[in-house]
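What follows is a single structure, written as structure tokens, with notes after it.
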Amino acid sequence: MKDFSNDATLAQLQGISVELGDIFARIYRDRNTDANDADDVLEAYKAVRRCLPREGEHPDNRHIGRQAAHAATQGELISRVRTEYA
């Protein structure tokens, strides 16, 4: 199975999905943001996640890197960023 250790493209896609998840979390929590903007970022996140292979052969399996990507959508990366960059 391909993974991040042997495929730089997959690693890059995973990084992009985590970044998009983090952006979604920020936009979703901002009361001044239009709901359509949050939906658009969420759709971009989902599209990138679909580019990654699944954890196993079964089509119902999750895509690799799911835990980090999901954590980003829940805002778990927001607290790690210094306030001058928030």
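Side notes on the structure shown:
- Segment Gln67-Ala47, extension gain: residue separation times 0.36 nm, minus the distance between their alpha carbons: 5.5 nm
- Mean residue ellipticity (222 nm) of the chain, computed from DSSP H runs ≥ 4 via -39,500 (n - 2.57), nearest 500: -17500 deg cm²/dmol
- Note on the chain: with neighbouring protein chains present and a 1.4 Å probe, carbon and sulfur make up 49 percent of its accessible heavy-atom surface.
- Residue-normalised accessible area of the chain, expressed per residue, 1.4 Å probe, Å²: 72 Å²
- Read-out P(r) over Cα pairs in 10 Å bins from 0, in percent, derived from the coordinates shown; its label in (1) 18, 45, 28, 8, 1; (2) 17, 49, 27, 7, 0; (3) 19, 58, 23, 0: (1)
The values are calculated or read from the model by the stated rules, or taken from the named source; none is laboratory data. Quick caveat, the model's predicted, so the values are computed rather than measured. Only protein heavy atoms, including side chains, enter the accessible area calculation; ligands, DNA and RNA are left aside. Shrake-Rupley method; radii C 1.70, N 1.55, O 1.52, S 1.80 Å.
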